[in-house]
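Shown next, in structure tokens, is the structure this report addresses.
Taken together, the values in this text are just the output of simple stated rules run on the coordinates, not laboratory data. All of these numbers come straight from a predicted model, not from anything done at the bench. With ideal geometry, Cβ positions are generated from the backbone for all residues, glycine too; neighbour counts draw on all protein chains shown.
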Amino acid sequence: MNDWSEAEQRVERAHEFFELGRWDDAESELRTALSFNPYQPEWHFNLGLTLDAAGRFIEAAGAFDEAFELDPENLQAVFLAGASLVRAGKDEQALPRLDIAWERDNTLVDALVYRIEALANLDRHEEAEEAFYLAQQADAEHGDLYAAMAESLMSRGLYDKAVWCLREAARLNPDLPRVEARLAAAYVQTGRHERARQLYVRELRRDPGDIDTLLDLGDLLLEMNRIAEAREKYNRVLELEPDNADAHAALGELLVRAGALGDAIVEFGLVVRLDPTDGHSARRLASLLLERGDDDDLARARRLIEVEMRRLRQNPDGMDADSLDELGCLLLDASRPAEAARVFAVYAERADSDPMGWHHLAVAQFESGKIDEGLASARRALRLDPRSVRAMHNLAVAHIRQGQIARARYWIRQAMTVNRDDPAIRRLRAVLVWYATRRGLGIASRVGVAIAKFFWGVVTRPTRRVAR
């Protein structure tokens, strides 16, 4: 048997393995065939399909690129290279390939569908809209087109428009994967919880084992305070996939709400073991351990905090603003205000217009004894949110500690004009009244003593003899 015949047989076997879902075997056969003849574009194309089916999207894109380079007429190859790169999160690299596919074939609307998805991921939403209108002109009945545009609208908070797009997508293509679940997610954002629940249930009737839909429905039921039903959905996920970290984390939050702190700690401990890279769950576990407060818990919480701090030092850009905020608050709870101040300083630098970040930075600075810096941060928070009672409260406290009673009284009055019933401000006002009363009594007692001494001196003064 010559090399060409053996290569052909291996390609045939690769087809059989592909049909059986045996991706590794199919890949092995195709690579062996290509070692005999690397200039067959169809074999590179088939290798791309195999790698894409196996979820190895970047390698799949490389195989599709090879196929297109060998056969520039194969527009499916360049299109699928772009689609694989979008699935791999390489949106910027995907766009040129998708553009080539569309420019060479204006009937290839799927290229614009993936282009919309890539542009939305890059927050280039105006360009995504332009691609949407262009695709509508080519095929206004393409269901995937409306579903892709809905994701762009959802990311911008345009939920009513997203609902319309998803309803169109469901009308045009009822078999679109999870279309009703995605529509339910849009309804959740518009506050129509019961309608969203119905859609999730309908999606589960179609696919009872859809883990993503079960998790989304559980989260919705938890938000609707239907605790028992939410727990049943999370447990159903764990029956299907016992190592599902998302389900364990969701169950942990449910147990926190139910007051079962110990069970919640067990669930979050499982999450951290299943996914050591899940920083949010690690911080949540540390917070719960601090709340329970046993000696072993405190030691375990300290270890978790150290891991998070090490992660931040090694990759300062690896934590987003929300993660930094969580870590800073955790450090405050752990009575480590100096470190919390450093974390909140990074947060405030990234989210410069967020008053809550500056407020938390002020709290950390006050607690670490940096009063002047804390005052500056609190004033910054107040400039960003002139009605922030918390910032006014902190300013008043700082001035009381510095003995500047008039300034403290000013900020308390300002806070009470915003919210007279705020309990923290009312307590602070009572403290100030007590302080003023004590100070007044002190002054009165000193004046009383002085007057008593004067009269005592007059009464006990020796009488002078009158000269004759």
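Some notes on this structure:
- Base-10 log of normalised Debye intensity for region 305-419 (one unit scatterer per alpha-carbon) at q = 0.14, 0.15, 0.16, 0.17 Å⁻¹: -0.56, -0.63, -0.70, -0.78
- Going from the fewest other Cβ atoms within 10 Å to the most, the residues ILE227, ILE116, ILE425 appear in the order ILE227, ILE425, ILE116.
- A cut-off under 14 angstrom between Cβ atoms defines the neighbours of ASN419, and their net charge, with Lys, Arg +1 and Asp, Glu -1, is +4.
- Residue-count net charge about ARG407 - beta-carbon cut-off 13 Å; Lys, Arg +1, Asp, Glu -1: +4
- Expressed in units of 2.2 N^0.38 Å, where N is the residue count, the Cα radius of gyration of region 318-372 is 0.99.
- Placing +1 on the Cβ of every Lys and Arg and -1 on the Cβ of every Asp and Glu, with no other charges, gives the chain a dipole of roughly 7300 debye about its Cα centre.
- Cα-Cα separations in region 21-120 greater than 23 Å, expressed as whole percent: 22 percent
- Alpha-carbon Rg/Rh ratio, for region 263-371, with Rh computed the Kirkwood way: 0.98
- Globularity index of the chain, i.e. its alpha-carbon radius of gyration over 2.2 N^0.38 Å: 1.47
- Residues THR213, THR32, THR417 arranged by fewest to most Cβ contacts within 10 Å: THR417, THR32, THR213
- Around HIS280: net Lys/Arg minus Asp/Glu count, Cβ-Cβ under 9 Å: -1
- Residue exposure proxy: GLU73, GLU130, ordered by other Cβ atoms within 10 angstrom of their Cβ from fewest to most, comes out as GLU73, GLU130.
- Computed lengthening from ARG401 to LEU298, 0.36 nm per intervening residue step minus Cα-Cα distance: 34.0 nm
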